[in-house]
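See below for the structure under consideration.
The values are calculated or read from the model by the stated rules, or taken from the named source; none is laboratory data. Keep in mind that what you see is a predicted model, and the values were worked out from it rather than measured. In this analysis, Cβ positions are derived from the backbone assuming ideal geometry, glycine residues included, and neighbour counts consider all displayed protein chains.
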Amino acid sequence: MYDALIIGGGPIGGYIAKGLAEKGHSVGVLEKGSEDRGKICCTGIVSKNCYQTYLSDKDLILKHGRSAKVYSPSGKLLNLNHKEDQAFIIDRNRLDSAIAADAIESGADFFYNHAVKNLDVLSDRVFVEYQNDTRVSSVEAKTVIIASGFNSGWFKQNRVKKDLNFTIGAQIEVYHRDTEEIEIYIGKHVAPGFFGWLVPLDDKRALVGLMTKNNPNKYLKDFLTLLDEQGKVANNGDKAAYRGITLQPPQRTYGERFIMVGDAAGQVKPLTGGGIYFGLLCADMAIKTIDRALNEDDLRAVKLATYEKEWKQKLNKEMQICRFARGVYSQLSNRQLDRLIDISNTFGIVDEITASDELDFDFHSRVIRKATTLPTVSKLLWRSIAG
């Protein structure tokens, strides 16, 4: 029987496995995918702070990012520029295996092609059934960490109610033509309520993607057609990848002998759908909580509740503000989005914000708060939204 069993071998699950194994606990990881994970629906854009804190030893950087272009529905351009690097585009397909290798080296057992089918929390252990090829087997552990991403089928068995606040990411790799910076496209025709992106990986390859709650395949095809007509991209024969993204945490992220971390716990930036940094932040809290509970042989829900208290103190207000901002954004028409770009360009709103100390690639609520204090925003931007 393992001390801790982790369901999900992505970057969050692998990081927790490494952390617990380093503290002397026996750790197993069940990952439903293969060791060669293939295409992942994620741009791989992480903040400079995230990379330096968690990934600096991995050699994953493909491209530095200090600027981006935002295109309005009618094609008006807003340039976002900063003097220093704000983010890095990393090799997302290598990230999982790099973190898994660290976990294995630290003593964790990784099991690929192991899809969890049933999870029972008993009084003295957790019992997990999984399928490997056609064979159904089981494994036991003192506690389980659920880091399996969006909409795992056995949530109901843990009596964890999940809200239906989600979106779907769709992404494909293409060839690009002289795209130097990250490009963001907004508008109801591109991605209702969200946005589309063109992210160069090198001098040849780029990622094209978007988020939307409905018909992601249709919107991705239309977006590719738009970029092709503009002469920006060409098909390289790749297939699209899709991923569900939970934008709001469940009512609770812990229970008797289990906790939830990362996308599974809705620890995602509501404005962008990015989950790597928030997930790793919460993974550190999860490691500390589980390590203490195992050492004290006390895995009751009341003991594990400290994990949720800690991560919500760090992120809950941030996520609430950004969910509200995304709700406002989703209500804007294409005409209103065009007006906002015009106002931003005319009054230098973006330049004022990027020059302030409030700019933070990970904590967007700071920028939102800053924007509402600027006279040009409070008098013009919000008037535009209202009218």
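Against the definition (out of contact with any Cys (no Cβ under 9 Å at 6 or more places or on another chain) and at pLDDT 95 or above), how does CYS50 come out, yes or no?
Yes.
If we scan the range 197-209, do we find a residue that is under 12 Å from ILE168 (Cα atoms) and not assigned by TED's automatic domain parsing to the domain that holds ILE145? Scanning the range 197-209 turns up at least one residue that is under 12 Å from ILE168 (Cα atoms) and not assigned by TED's automatic domain parsing to the domain that holds ILE145. Quick check on my filter: what residues within the range 80-110 are small (Gly, Ala, Ser) and part of a helix (DSSP H, G or I)? Within the range 80-110, SER97, ALA98, ALA100, ALA101, ALA103 qualify.
Scanning the range 171-195 for residues that are modelled with pLDDT of 95 or more and of a type in the set (Ser, Thr, Tyr) turns up TYR175, TYR185. Looking across the range 87-134, the residues that are small (Gly, Ala, Ser), within 29 Å of CYS50 (Cβ to Cβ) and either buried (at least 21 other Cβ atoms within 10 Å of the Cβ) or free of Cβ contacts under 8 Å to residues at least 24 places away in the same chain (or both) come down to ALA87, ALA100, ALA101, ALA103, ALA108. Where helices (runs of 4 or more DSSP H) sit wholly within the range 319-387, those with at least 3 residues that are modelled with pLDDT of 70 or more occupy 334-347, 349-354, 364-373. Determine if the range 262-274 includes at least one residue that is closer than 20 Å to ILE6 by Cβ and in contact with a helix residue (DSSP H, G or I) (Cβ under 6 Å, 6 or more places away or on another chain). Scanning the range 262-274, I find at least one residue that is closer than 20 Å to ILE6 by Cβ and in contact with a helix residue (DSSP H, G or I) (Cβ under 6 Å, 6 or more places away or on another chain), so the answer is yes. One residue alone among ILE40, ILE6, ILE12 is assigned to a strand (DSSP E or B), aliphatic (A, V, I, L, M) and touching a residue at least 60 places away in the same chain (Cβ under 8 Å), and that residue is ILE6.
The single residue among LYS232, LYS218 that is outside the structural domain of ILE12 (by TED's automatic domain parsing), without any contact (Cβ under 8 Å) to a residue 12 or more places away in the chain and farther than 26 Å from GLU318 by Cβ turns out to be LYS218.
Considering the range 291-330, and only residues there that are among the β-branched types (Val, Ile, Thr) and surrounded by 13 or more Cβ atoms within 10 Å (Cβ to Cβ), the residue that is farthest from ILE16 (Cα to Cα) turns out to be ILE321. Of all residues in the range 43-56, those satisfying the criterion of being in a loop (DSSP other than H, G, I, E, B) and under 19 Å from GLY169 (Cβ atoms) are THR43, GLY44. Scanning the range 290-302 for residues that are in contact with a Gly (Cβ under 6 Å, 6 or more places away or on another chain) and either of a type outside the set (A, V, I, L, M, F, W, C) or assigned to a loop (DSSP other than H, G, I, E, B) (or both) turns up nothing. The lone criterion from (1) in a loop (DSSP other than H, G, I, E, B); (2) among the acidic types (Asp, Glu); (3) assigned by TED's automatic domain parsing to the domain that holds GLY24; (4) within 22 Å of GLY19 (Cβ to Cβ) left unmet by ASP59 is number (3).
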